[in-house]
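These notes concern the structure reproduced below.
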Amino acid sequence: MKALVFTGLHEMAVEERPKPRLAQPGQALVRVRAVGICGSDLHIYNGKHSFAQYPIVPGHEVAGEVVEVGAEVKSLVPGDRVVLEPIHSCGGCYACKKGQPNVCEHLRVTGAHHDGGCQEYYVEDAANWHKIPDTLSWEEAVMVEPYTIGAQVVSRGKIGPLDTVLIHGAGPAGLIALDMAKEAGAAVAVSEIVEGRLALAREFGADLVIDAKTQEPVEEILRFTGGRAPTVVIDAAGVPGSFGKAVEILAPAGTVVTMTFSPVPAPARVDLITLKELNIVGSRLQTGMFEPVIAGMGRRLERIRRMITHTFPLAQAEEAVRLADSRRADVGKVVITL
Ligand SMILES: [Zn+2]
Ligand SMILES: [Zn+2]
């Protein structure tokens, strides 16, 4: 079978590899049909990922069809259409016991700690494969995993109808956070510097779109709300200084949600965190979001289709990765089909 392998910095190849086989009775073998390229895959490609090592098969946004199941598998049968939950946790550490296995001490993420799903066949525990309805195409199904990330952000930020949310960045992660925050009933402002993405944020239902090249986000949001401060700030773009700024502008009892991976220290006023009793929360991966996200995919299809801008066959994977890495304004989610 064929697999896409990141062989070194900015280097990749489609290689012939042995087809994987079931090694445990609780596993399922899946014929992979589509894989989304995500920012974290590009971090590996660009040598900026904090722990992934070359060579590695990328891919954690994976959709495909079950072809074989182990003797103990009751939840799946051959022919089922599934998406991959790309996380393994230990179940015994503090985070796992607290209900946050997504930040397990011994966390293993598919396509980062070990080979991912950008290969024609992939074996994984049956519990990590979630069934999807026939109404989702393979390309659309790839968007389930990114939407679970957005669902986690909304959950961690406890976002609801009382909230006015400011999101920095209208790339795929920001747009999905926008979509999920709107579903939760919040008013949402999106700040972005790329013109095409501003238009997309508007189409996705942003109540206010701020061109951060020429407009000051805080002024714009205060004008929009009639002087009321935002209650949640989400930085989906890694904007320098946004953390300290969020602490300054947030309403009392407000929340900062971080979801990017900048290693640069971000100064913030501790007195304001105390005085306003702000919540500072990280949001990484997800826990328990696959089933609810899959159940709601139907009502998001129109927006999901707009987010998927390019599809390439595996033979053109290199072109796909380079395009996704170009950060061009017209490039949203890039999908590889297998
Ligand atoms: Zn991802
Ligand atoms: Zn654990």
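For T274, the solvent-accessible surface computed with a 1.4 Å probe is close to 100 Å², ligands and nucleic acids excluded. When the pairs K131/K333; K182/K213; K182/K245; K19/K98 are compared against a 28 Å limit on Cα-Cα distance, K19/K98 fall above it.
Backbone amide hydrogens, once placed in the peptide plane, bring M12 within less than 5 Å of T7, excluding anything fewer than 5 places away on its chain.
Of the GluC sites (Glu not before Pro) in the range 76-160, the ones in a loop by DSSP (not H, G, I, E or B) with at most 16 other beta carbons within 10 Å are E105.
For the range 158-282, taking the reciprocal of the average inverse distance between every pair of different Cα atoms yields a Kirkwood hydrodynamic radius of 14.3 Å.
Each residue, Q215 and Q100, gets one label point 7 Å from its Cα in the Cβ direction; the gap between the two is 3.4 nm. Among the GluC sites (Glu not before Pro) in the range 1-95, those placed in a DSSP loop whose Cβ has at most 10 other Cβ atoms within 10 Å are E72.
Compared with the dominant principal axis of the Cα atoms in the chain, helix 172-183 is inclined by about 70°. Surface composition of the chain: carbon and sulfur make up 53 percent of the accessible area, probe 1.4 Å. The convex hull defined by the C-alpha atoms of the chain has an orientation-averaged projected area of 16.8 nm².
Measuring nothing but how far apart in sequence close Cα pairs (under 8 Å, 6+ apart) lie, relative to its length, the range 62-197 scores a relative contact order of 19 percent. Exposure here means at most 16 other Cβ atoms within 10 Å; with chymotrypsin sites (Phe, Trp or Tyr not before Pro) in a DSSP loop as sites, the longest stretch of the chain lacking them is 52-260.
For the chain, the relative contact order works out to 17 percent when only alpha carbon pairs closer than 8 Å and six or more residues apart are counted. Per residue, the chain exposes an accessible area of 45 Å² to a 1.4 Å probe, with every protein chain left in place. Say we join alpha carbon atoms closer than 10 Å with springs in a Gaussian network model of the chain; which of A236, A184, A268 then has the biggest fluctuation? Ranking A236, A184, A268 by mean-square fluctuation puts A268 first.
Considering Cα pairs under 8 angstrom that are at least six residues apart, work out the relative contact order of the range 201-338 and quote it in whole percent.
Working: 157 pairs, mean separation 20.8, N = 138.
Result for the range 201-338 is 15 percent.
The values are calculated or read from the model by the stated rules, or taken from the named source; none is laboratory data. Source: prediction; values computed, not measured. Every residue, glycine as well, gets a Cβ built from its backbone with ideal geometry; the counts of neighbours run over all protein chains shown. To get the accessible areas, we keep the full protein, side chains included, count just its heavy atoms, and leave off ligands, DNA and RNA. Shrake-Rupley method; radii C 1.70, N 1.55, O 1.52, S 1.80 Å.
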